[in-house]
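Taking it in order: structure first as structure tokens, then the write-up.
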Amino acid sequence: MATDDLTADAAARRGWPRPFRPRIGARLGYLLHAGLATNRLYARVAAWLERRPRAYAAFTTVERVTKQELFGCRMCGQCALPATGYTCPMTCPKQLRNGPCGGVSASGGCEVHPELPCVWVVAYERSEQAGHGADLDLLQRPVDQRLRDQSSWVNYWQGRDEDLWTAADAEGARPLLHRELGLHPVGGVR
Ligand code: SF4
């Protein structure tokens with residue numbers, strides 16, 4: 001892709017996402033998630049919702065509004081927030097599930113929107129600050145576009161998120177760590 005195709009104006013014309021800074025801290029994200037963690041009750045609720053299209057649509061609307069406000073959620077249906085310091089990777093203009101890309105600036109700015117911090121730099125910093133820095137070494141599976149606009153909570157409670165990223169200590173299958181690849185952010189983006 002030519003460099004001049006990566007201007008903010010071109011991105012806006014194409015409807016590409018803009019990097020979004022989460023409105024709640026990562027620690028609060030982990031805390032809230034603990035209350036939503038999969039259990040039998042939630043799995044039954046999820047199954048019930050999937051049998052009732054109207055209830056499912058209403059539930060998905062609540063999820064959409066809530067997560068758009070807090071995280072800039074774009075309803076990919078397979079939520080990566082728990083592994084990214086509660087920073088939505090789908091707000092990256094390139095929608096990278098593993099980042100940052102090679103275009104991130106030395107100060108941590110997005111290549112497409114240089115005035116905004118790269119979502120992956122923000123994810124790294126939030127994860128580190130909350131004691132979850134190792135999460136950024138996990139390799140994320142590509143997005144399955146068939147799940148777009150589905151409820152990621154329902155998918156999560158139904159156990160469909162279990163292989164969204166590599167296991168932290170998968171024997172003999174450890175991905176290259178970010179620090180081994182030299183992918184430490186340079187300079188703080190606050
Ligand atoms: S469901 Fe997808 S788009 Fe929404 S916050 Fe999670 S990762 Fe981002």
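Quick rundown of the values:
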quantity: Restricting region 118-151 to residues that are closer than 22 Å to Glu50 by Cβ and either hydroxyl-bearing (Ser, Thr, Tyr) or touching a helix residue (DSSP H, G or I) at 6+ places or on another chain (Cβ under 8 Å) (or both), the residue that is most open to solvent (accessible area, probe 1.4 Å); calculated: Asp149
quantity: Selection count, region 107-162, where residues are hydroxyl-bearing (Ser, Thr, Tyr) and outside any loop (DSSP other than H, G, I, E, B); calculated: 4
quantity: Looking only at region 152-187, and only at residues there that are on the phi > 0 side of the Ramachandran plot and modelled with pLDDT of 55 or more, the one that is surrounded by the fewest Cβ atoms within 10 Å (Cβ to Cβ); calculated: Gly182
quantity: When residues of region 89-116 are limited to those that are within 9 Å of the ligand (Cβ to nearest atom) and either touching a Ser or Thr at 6+ places or on another chain (Cβ under 8 Å) or open to solvent by less than 10 Å² (accessible area, probe 1.4 Å) (or both), the one nearest to Arg126 (Cα to Cα); calculated: Pro89
quantity: Some residue of region 8-23 being crowded, with 17+ Cβ neighbours inside 10 Å, outside any loop (DSSP other than H, G, I, E, B), within 16 Å of the ligand (Cβ to nearest atom) and small (Gly, Ala, Ser); calculated: no
quantity: Count - residues of region 71-93 that are over 20 Å from Gly131 (Cβ atoms), part of a loop (DSSP other than H, G, I, E, B) and in contact with a Cys (Cβ under 9 Å, 6 or more places away or on another chain); calculated: 8
quantity: Cβ-Cβ under 7 Å pairs, at least 6 apart or on other chains, region 67-80 side open to solvent by 20 Å² or more (accessible area, probe 1.4 Å), far side among the hydrophobic types (A, V, I, L, M, F, W, C) and more than 6 Å from the ligand (Cβ to nearest atom); calculated: Leu70/Ile24
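The values are calculated or read from the model by the stated rules, or taken from the named source; none is laboratory data. Remember, predicted model here, so these are calculated numbers, not experimental data. Positions of Cβ are backbone-derived with ideal geometry, glycine not excepted, and every protein chain shown enters the neighbour counts. Protein only, heavy atoms only, side chains kept; ligands, DNA and RNA dropped before computing areas. Shrake-Rupley method; radii C 1.70, N 1.55, O 1.52, S 1.80 Å.
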